[in-house]
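Engineer: One structure, pasted below without further comment.
Nothing in this text is a laboratory measurement; each read-out follows from the coordinates by a stated rule. Computed from a prediction, not measured in an experiment: that's the story for all the values here. All Cβ positions, glycine included, derive from the backbone under ideal geometry; neighbour counts span all protein chains shown.
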Amino acid sequence: MATAVLLGSMVPGAQAAVGVQDVDAELAYTCGLPEGEQSVKVEVTAKVPESAQAGQLIQPEDVGLDLTLPEGVPAALAGSGAATVSAEARLSVDVAQGDQHARAEWIGTTAEPVPVPEAGDLVLSTSGSVPYVKPEAPGDLAFEAGALSVELALKKADGAPAEPPALSLSCAPDAGQEATLAEVPVGDEGGDAEPEPTPTGAWPEEQVTGGDDGLPEVGAPAQRPAAAEAPPCVGDPSDALSMVAYVTGYANVAKLKGATKFPLACARITQGESRIVPDGEFLHIYQDSAVDLDHEGKPQLPPASGTFLTFGFMPTTATLEMTQIPPATNPDGTRVPNIKSDLAINIAEGSTKAVTVVTLELMLRLRDVEVNGVPMDVGDNCRTSKPFQLRLEGHMTLKDGVQVGYTLATGGELTGAVTLPPFSGCGAEEDLDNVFTASLSGVPGYVKQVQGAPCAPSQHTPGAGGVCTDAYEPVDVPEARR
């Protein structure tokens, strides 16, 4: 647990706000759609403190981004066969204090797919957690809305992806409107604000800005309660070495020039003991751990649906089941590690770097295959002919109290590549092994996985908040990023 404790102590504290002010702004945007530019109404709601002190974390809460797409948009979506729409909205927010500026990204997602209306506007209500802001000096702090991007996932009435399956919108705010969402007066550090619990979690690289030369610091989103779609992931409070975390991500199929999103899964982590090794100006903290995937009690990721253009022109849909071959157990009862972490502290410079390597042995099975909408009977045992290895790496840097990147104890992004072996057992009435081998195997595909901040159940005190729910599940539910 030494690594987790060391990193946990590096997260800065917060102070309580005096009061709360409501944000409710209605803005006009112009978005580029296949039918041409369209006017989109965006309502931004949130709660921010009425005032704050320099050095205090300001955390916007209850953030909502509601989009109203004009009547022509749902008509065009219905014409493409789309029956429901899911949305992810990303609003760029300029955080300004005097002549100092930092940039934050407010992300909202729809809780459930929204039916495409037969007539009228399409309203998409999204919500989500957003980065905190830490002003470094006194002075009014302003939040101002900027560019907006929206990713729409389109599905038919039967749940299959529409054609096209997704639509990306890039939107610019209309000129001449008031884009300031809120202003927070910031006093000096001598104020009387009382301390409140420290926000927890990783600082993804793209969300850590500012902090130097008086710039407001923009950090990671505060942790949110487990999303409704998150699977069960209950940890064992009696096991001092165990942690649980949610993971999700995308895997590219290189030959088919497509990507499959894997739904949220539970990762069960068994930590090994830390080893401290001096090495010149560096102090290394090594830790070997083991991770087991868990979906409904099985060592696998949840089944994922993928749609690709086989041979460059034939739309093919399949359900992918990725099953892990779990790490073995040593004679003394410890797990054979498949996670290796190296935390290197540069004592002279006062900086820290870390690299974590996760290696998974997996098998891939295909089922529910359709080619051009026609079911293809591939049998019950269409899978890779042998296990394959997925090697993921995460990197972290820490300097002047600012952490960027991944560690096992805080979560974040890991990247790697996987090469699928040939397939076997495919085809109930004819041998289809060569078809899937030619389409999927042999070329490395890029993988990006996002791990949420883990819950260490043995360290959780019920009612105290933090990274665990009182049911010993992780609070942090990550979102897949390409």
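Engineer: For the range 104-143, divide the Cα radius of gyration by the Kirkwood radius and give the resulting Rg/Rh value with two decimals.
Structural biologist: 1.24
Engineer: Related question: If you average the alpha carbon positions of the range 46-74 and of the range 154-182, how far apart do those two centres end up, in angstrom?
Structural biologist: Answer, in whole Å: 17.
Engineer: How far is it, in nm, from the label point at Ala464 to the one at Asp239 when both lie 7 Å from their Cα along the line to the Cβ?
Structural biologist: 2.1
Engineer: Still on this structure, I have one more. Just to check I understand the Karplus step: with θ = phi - 60° and J = 6.51 cos²θ - 1.76 cosθ + 1.60, what whole-Hz values come out for the range 442-451, glycine and proline as x?
Structural biologist: x, 10, x, x, 6, 10, 10, 10, 10, 9
Engineer: Over the range 227-459, what per residue volume does the convex hull of the Cα atoms give, in whole Å³?
Structural biologist: Numbers: hull volume 35.5 nm³, N = 233.
Each residue corresponds to 152 Å³ of Cα convex hull volume.
Engineer: I'd like the Karplus ³J(HN,Hα) series for the range 286-301: coefficients 6.51, -1.76, 1.60, θ = phi - 60°, whole numbers in Hz, and an x wherever there's a Gly or Pro.
Structural biologist: Each residue of the range 286-301 in turn: 9, 8, 10, 9, 10, 10, 10, 6, 9, 10, 6, x, 10, x, 7, 7 Hz.
Engineer: Moving on. Label-point separation (nm) for Ala78 and Asn434, each offset 7 Å from Cα along Cα-to-Cβ?
Structural biologist: Each label point lies 7 Å from its Cα, and together they span 4.8 nm.
Engineer: Taking the convex hull of the Cα atoms, report for the range 43-151 its projected area averaged over all directions, in nm². Write down the numbers at each step before the final one.
Structural biologist: Working: hull surface 29.2 nm².
That works out to 7.3 nm².
Engineer: Do any of Lys134/Lys399; Lys156/Lys298; Lys298/Lys386; Lys155/Lys261 go past 22 Å between their Cα atoms, and which?
Structural biologist: Table pairs above 22 Å Cα-Cα are Lys156/Lys298.
Engineer: Got a sec to turn the phi values of the range 52-61 into Karplus ³J(HN,Hα) couplings, 6.51 cos²θ - 1.76 cosθ + 1.60 with θ = phi - 60°, whole Hz, x for Gly and Pro?
Structural biologist: Karplus-based 3J(HN,Hα) across the range 52-61 equals 7, 10, 4, x, 9, 7, 10, 10, x, 10 Hz.
Engineer: What is the Cα centroid distance between the range 459-480 and the range 99-129, reported in whole angstrom?
Structural biologist: 25
Engineer: A follow-up question, please. How much length is gained on full extension from Asp279 to Gln177, taking 0.36 nm per residue of separation minus their Cα-Cα distance?
Structural biologist: Computed gain between Asp279 and Gln177 is 30.9 nm.
Engineer: What is the gain in length, in nm to one decimal, between Tyr446 and Glu361 on full extension, counting 0.36 nm per residue of separation less the C-alpha to C-alpha distance?
Structural biologist: Result for the pair: 29.0 nm of gain on full extension.
Engineer: What are the principal axis extents of the Cα atoms in the range 343-482, in Å, biggest first?
Structural biologist: Principal extents (Cα only, largest first): 64, 40, 25 Å.
Engineer: Another one. Between the range 375-403 and the range 271-307, what's the alpha-carbon centroid distance in Å?
Structural biologist: 13
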